[in-house]
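What follows is a set of notes on a single structure, which appears directly below.
The values are calculated or read from the model by the stated rules, or taken from the named source; none is laboratory data. Quantities reported herein were computed from a predicted structural model and do not represent experimental measurements. Cβ coordinates were reconstructed from backbone atoms using ideal geometry, including for glycine residues, and neighbour counts include every protein chain displayed. Ligands, DNA and RNA are stripped out before the accessible areas are found, and what is left, the full protein with its side chains, is counted by its heavy atoms. Shrake-Rupley method; radii C 1.70, N 1.55, O 1.52, S 1.80 Å.
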Amino acid sequence: MAGNQRVCVIGAGPGGMSFLYQNNKLKAAGKRCADVVCYEKQSNWGGLWNYTWRTGVDEYGEFCHGGQYRDLWSNGPKECLEYPDYTFEDHFGKVIPSFPPRTVLFDYLQGRWNKNKLRAYVRFNTVVKDVTYNKTTDYFTIMAKDLTNDQDLPPERFSHVIVATGHFSFPNVPNFEGIDMFRGRVLHSHDFRRATEFKGQRILLVGSRYSAEDISMQCKKMGSGKVITCYRNNPMNFHFPDGIEERPLLTKVDGNTIHFKDGTTAEVDVIILCTGYLYHFPYLSESLRLRSKLSMYPDGLYKGTMWMDDGNNKLFYLSMQDQYYSYTMFDIQAEWACAVICGHLKLPDRKEMESDIAKWVKKRDLLKDCYDDIALQTEFVCDLAKEVGCKYNLDVAALFNKWEDDKRANIATYRDQAYSSIFTGKPGIVHHTPWFKAYDDSVETFVNQTPNKEK
Ligand code: NA7
């Protein structure tokens, strides 16, 4: 292909937008960059951060992408996801507390994208339906649909594809004996929108990771009745406030009665399956599809990013790993992919790439706990940073470790702690209202730190 590479980016969430950002940075610096088209099925950018009230399918009958709930606040310190070249202080003009509501984080993301005029590269309301790779021509063919006009678009050819459609959209929904005849409501956490709906109700949460942890606390905050979480393998073991308890997995449901593995029973009104998500790339031809189990280093990706099985090293996945790091990790993955695509970084031979993958997979298989996970992901992020010659130190392992310690100390107050930005060096400030009592999550109230009237 003569001239610039032509890159198709699928998804305008933080991952896809990071690719646009990095490519734009090359362009602004007068360096070789790619011609990029980003397809986004929603009417706005942001991916999960583009909050929707909808569940199930959207207005066009497409799977509803977003799974965030309305009152969500960040469950990790913002200092762990802060962009080095666009800090929170750059955006808000002041230091703000460490655990912002989702609206504040979305505002921040959009600030970086707007500043760099990235909207022009995105085709909204356009869903990618099919991606195939042709070995003979070395092109990808993309079939997409204009949802607004209900029109299949003509096929388009691209030299490279960036898959950035995330992996928190297609729920994993296991079955449990008797659940079909449960007398209350059953939903997956992807469809959870407001805890106020469950005021006074007794809730069972299935699962023992982020969604179970956060939704249990959210329900208590909003006045639910007793909450029971149940685990398949590992209990969360937090010191939960009164009214939240943990049990082993349920074995069956009988009316409103839940039976658990330890022989105990409980009456509940609502079951929320916090059972995670599955990779789902129905629009990719089979040989291009990531199928690995969700982990800190999914199989088959060189540098956790480039698909090795097909596509001649020209298909990249952003943000598919289990995550501690998020925005900064997606950003460095995008920078790395962009450098490879635009010819600023040369790939080693296949054997070397395979042995690099094997090295990471071996480390992954030795992980024992969250502190190991953090150390591995830090190494991963720093490895990519070194590859692209990033001038910033992206290592926030110490902040993540403190966050884990804070959660262990008190799951109800960890969001009331302050962290310092590693990029500005400024110490953080404590939010005016403890998270457990803070009901106003508007950008204005959070950023301006005026007392919260709604108590
Ligand atoms: P995760 O992190 O994938 O966790 C899923 C949980 O569901 C985990 O505890 C699993 O148990 C449990 N699970 C999965 N399948 C089953 C079955 N069949 N039976 C019982 N339990 C099951 O998903 P989350 O939603 O918590 O977090 C995803 C992201 O969303 C997170 O990064 C945040 O950003 C928000 P296991 O531990 O495997 O035994």
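Give me the one-decimal nm value for the distance between modelled label points at Asp372 and Lys402, 7 Å along each residue's Cα-to-Cβ direction.
Label at Asp372, label at Lys402, 2.6 nm between them.
How large, in percent, is the carbon and sulfur part of the accessible surface of the chain at a probe radius of 1.4 Å?
After summing per-atom areas, the C and S share lands at 49 percent.
What's the local net charge at Leu301, with K and R +1, D and E -1, over the other residues with C-beta under 11 Å away?
Counting the neighbours of Leu301, the net charge comes to -2.
Using only the alpha-carbon atoms of the chain as identical scatterers, what base-10 log of I(q)/I(0) does the Debye formula give at q = 0.08, 0.10, 0.12 Å⁻¹?
Result of the Debye calculation: -0.48, -0.76, -1.10.
From the backbone phi of the stretch 95-102, what are the Karplus-calculated ³J(HN,Hα) couplings (6.51 cos²θ - 1.76 cosθ + 1.60, θ = phi - 60°) in whole Hz, Gly and Pro given as x?
After applying 6.51 cos²θ - 1.76 cosθ + 1.60, I find 7, 10, x, 7, 10, x, x, 4 Hz.
Nearest 5 percent is fine: what portion of the DSSP beta bridges confined to the chain is antiparallel? Walk me through the intermediate numbers first.
Details: 28 of 61 bridges.
If we restrict to bridges inside the chain, about 45 percent are antiparallel.
According to a simple spin-label model (label point 7 Å from Cα along Cα-to-Cβ), what is the distance in nm between Trp53 and Lys362?
Label-label distance for Lys362 and Trp53, simple model: 5.5 nm.
With all protein chains present and a 1.4 Å probe, how do Val57, Val361 order by accessible area, largest first? Kindly include the intermediate steps, with their values, before the conclusion.
On the way: Val57 80, Val361 30 Å².
Result, largest first: Val57, Val361.
Can you give the FRET efficiency to the nearest 0.05 for Arg183 and Asn233, using r as the Cβ-Cβ distance and R₀ = 41 Å? It would help to have the intermediate numbers written out before the result.
Numbers: r = 29 Å, r/R0 = 0.70.
E(calc), rounded to 0.05, equals 0.90.
Could you run the Karplus curve 6.51 cos²θ - 1.76 cosθ + 1.60 with θ = phi - 60° over the stretch 355-371 and give me ³J(HN,Hα) per residue in whole Hz, x for Gly and Pro?
Each residue's phi maps through the Karplus curve to give 6, 5, 4, 4, 4, 5, 5, 4, 5, 4, 5, 9, 5, 10, 8, 4, 5 Hz.
In square angstrom, what is the accessible area per residue of the stretch 179-273 with a 1.4 angstrom probe?
Values: 4070 Å² over 95 residues.
Per residue, the stretch 179-273 has an accessible area of 43 Å².
May I ask you to derive the FRET efficiency for Asn393 and Glu245 from their Cβ-Cβ distance with R0 = 45 Å, giving the value to the nearest 0.05?
My answer for the efficiency is 0.60.
Rounding to the nearest 20 debye, state how big the charge dipole of the stretch 179-273 is about its Cα centre with +1 on each Lys and Arg Cβ and -1 on each Asp and Glu Cβ.
Dipole size: approximately 160 debye.
Too long at a 27 Å Cα-Cα cut-off: which of Lys117/Lys293; Lys351/Lys386; Lys359/Lys386; Lys221/Lys402; Lys199/Lys252; Lys27/Lys426?
As for pairs spanning more than 27 Å Cα to Cα, those are Lys117/Lys293; Lys27/Lys426.
So how strong a dipole does the chain carry about its Cα centre when Lys and Arg Cβ are +1 and Asp and Glu Cβ are -1, to the nearest 20 debye?
Charge dipole of the chain: 520 debye, to the nearest 20.
So with the 1.4 Å probe, I'd like the accessible area per residue for the stretch 1-155, rounded to whole Å². It would help to have the intermediate numbers written out before the result.
Values: 6340 Å² over 155 residues.
Per residue, the stretch 1-155 has 41 Å² of solvent-accessible surface.
Hey, could you grab the Kirkwood Rh for the stretch 68-118? Inverse mean 1/r over distinct alpha carbon pairs, Å, one decimal. Kindly include the intermediate steps, with their values, before the conclusion.
Details: mean 1/r = 0.0877 Å⁻¹.
Hydrodynamic radius (Kirkwood, Cα only) of the stretch 68-118 equals 11.4 Å.
What residue among Val7, Phe182, Phe316 has its Cα farthest toward the positive end of the dipole of the chain, where the charges are +1 on Lys, Arg and -1 on Asp, Glu, each on the Cβ?
Val7
If you line up the long axis of helix 397-409 against the longest principal axis of the chain, both from Cα atoms, how many degrees apart are they, to the nearest 10?
Between the helix axis and the principal axis of the chain, the angle is about 10 degrees.
Taking the Cα-to-Cβ direction at Asn114 and at Asp262 and moving 7 Å from each Cα, how far apart do the two end points lie in nm?
Using points 7 Å along Cα→Cβ, the separation is 5.0 nm.
Taking amide H positions as placed in the peptide plane 1.01 Å from N, state which residues far from Asp254 in sequence (5 or more) or on other chains have amide H under 5 Å from it.
His259
So what are the three principal axis dimensions of the stretch 179-273 from its Cα atoms, in whole Å, longest to shortest?
Answer, in whole Å and largest first: 29, 28, 24 Å.
Does anyone have the angle between helix 210-221 and the longest principal axis of the chain? Alpha-carbon axes, 0 to 90°, nearest 10?
40 degrees
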